[in-house]
Each structure stands twice: as C-alpha cells, then as structure tokens.
Amino acid sequence: LQFKQNGMYVINVSNPNQFYAQASFRDCGVSNPCQVFTTSFGVIFANKNGCYIYDGQKVISLTGGKFDWVKQSGVSESTSDETTSYVPCVGYDPRSQSIVVLKDINDNSTSTGAFVYNMVTQSWTEGNAMIENGSDDRHTNFIITSGGYLSILRDNSTSLFNYNHDKTVDTGNQTISYITKDLDFGLPSQTKKLFKVYITYKGDADALTV
C-alpha cells in the first residue's frame, strides 16, 4: 500500500522487475505515518474523512452510517506547521478487539480524547483523558508489545503506556450519551408513538439518573 495525502494506491509487486498500480482509492490518504496500523486481518487507517480497513481487496468504512465523523469526531490532520498541525494516531488492541483513534498527538496539542471502535459490537465510543498531552509533549505511533498490549511512548517518559480496556477508574459522576441509528421498526414512512422505553444496565447503579 502506498499512501499519499489524498489517496491510497495498491502496488502489485508480484513481478520484481515491474511494479504497477493495481488500484487506487481517493480520500483514503494520510498526512502522517502514525495514522496507519497493520493488523492480522488488514490495514487500518484514519484520516479527517473517517476510519477504514483495507482487507486485501477493498476499503471498508467503519464510520460510514455510524455518525458524522467530519463534523462530530474532532479529528483533523495537517502537516503545514508543526506548532499548529493536527496529528491523529490509530492502533488496534487485540485483547479487547478494539481500534483506538487518538484525536491529536502533536507536540503542542492539549487534546486527550480518542474514539474507540469495538469490532464485536461494531460501535464507536468517545473517551476523554485517554493520554496525557500538553505543551511540548510528543508521542510516538502505537505498537503491539511482546505481551500483546497496545502501547505508546511519550518523549518525557521512559516507560510505555498501555491501553487498559478493563481498568476501572473512579472519576465520579459520569454523563453518557448513547446514540443509535434511526429506529423506524421497518416502516420509515409511518409516524410512530413510543409510550415506554426499557433500559437494561449491569452493575451497581444506585445513583443512576436517566
């Protein structure tokens, strides 16, 4: 795969004496190497247009039909100026089968948020305080360690930071917005009236307010 800023090319290298472009995909380019991550089932990449998987034959959008990535994700990209550029970063955590897209790891960014895509439920979750980010903090791209952890390194630390999907942190009261697709019960042209909605939760939720 050859990534440009505005497109991606599939280069056929079966003949060492003559490489050629076998296919091209517009709007699938990236501005930084950390926006691409290789997995056992394909190549993941994220840009300002969305998050995608190339499975060896076609590009699959993981954001299309889910939500408006361009307007709602806060993910942008540029390479014009180091002090003002936006550098998203993508990785795949095999333990939780989740794709993590950090919004911005530029060394002058204060963004700590990320979007997480669960391969099992095929749903996106937005998280805050996913990394420590501040002025002059610079991060590497994601890697998978020998222990199977999705990890990243910050330049002012000598230790890797692992993505812990099952770590419980008490952050006090939390507000969760759950957004579904349009539910039309198979009849999109007919107006419905809903009189009751059931919400099922798991765990201690004595202080739950809905």
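The values are calculated or read from the model by the stated rules, or taken from the named source; none is laboratory data. Owing to the predicted nature of the structure, the values given are computational and were not obtained by experimental measurement. Heads up, the Cβs are rebuilt from the backbone with ideal geometry, glycines too, and the neighbour counts pull from every protein chain shown. Quick note on the areas: whole protein, heavy atoms, side chains included, nothing else; ligands and nucleic acids left out. Shrake-Rupley method; radii C 1.70, N 1.55, O 1.52, S 1.80 Å.
A compact table of results
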{"quantity": "The stretch 96-210 pair-distance distribution - Cα-Cα, 10 Å bins, rounded %", "calculated": "10, 31, 30, 18, 9, 2"}
{"quantity": "Listed residue (V70, A114, I60) projecting farthest to the positive dipole end of the chain, Cβ model", "calculated": "I60"}
{"quantity": "Neighbourhood charge, 12 Å Cβ-Cβ cut-off, centred on G74 and excluding it, Lys, Arg +1 and Asp, Glu -1", "calculated": "-1"}
{"quantity": "Efficiency of FRET from Cβ geometry, T121 and Q57, R₀ 25 Å, rounded to 0.05", "calculated": "0.55"}
{"quantity": "With every protein chain in place, the chain: carbon and sulfur % of accessible area (1.4 Å)", "calculated": "48"}
{"quantity": "20 Å Cα-Cα reach of K103 towards aspartates and glutamates, excluding residues that sit fewer than 8 places from it in its own chain", "calculated": "D27, D68, E77, D81, E82, D93, E126, E132, D136, D137, D155"}
{"quantity": "Ordering of 21-28, 177-184, 35-42 by packing [mean C-beta count within 10 Å, highest first]", "calculated": "35-42, 21-28, 177-184"}
{"quantity": "³J(HN,Hα) computed for each position of the stretch 204-210 - Karplus, 6.51 cos²θ - 1.76 cosθ + 1.60, integer Hz, glycine/proline x", "calculated": "7, 10, 4, 9, 6, 10, 10"}
{"quantity": "Förster radius 41 Å - calculated FRET efficiency between R95 and L187 (Cβ-Cβ, nearest 0.05)", "calculated": "0.50"}
{"quantity": "Relative contact order of the chain, pairs being alpha-carbon contacts under 8 Å that are 6 or more residues apart, as %", "calculated": "10"}
{"quantity": "Cross-link table K58/K196; K181/K202; K58/K202; K66/K192; K4/K66; K48/K202, entries beyond 32 Å C-alpha to C-alpha", "calculated": "K58/K196; K58/K202; K48/K202"}
{"quantity": "The stretch 59-122 - charge dipole about Cα centre, Lys and Arg +1 at Cβ, Asp and Glu -1, debye rounded to 20", "calculated": "380"}
{"quantity": "Separation of the S40 and N162 label points, Cα + 7 Å toward Cβ, nm", "calculated": "1.8"}
{"quantity": "Cβ-defined net charge surrounding I131, 13 Å radius [Lys, Arg +1; Asp, Glu -1]", "calculated": "-2"}
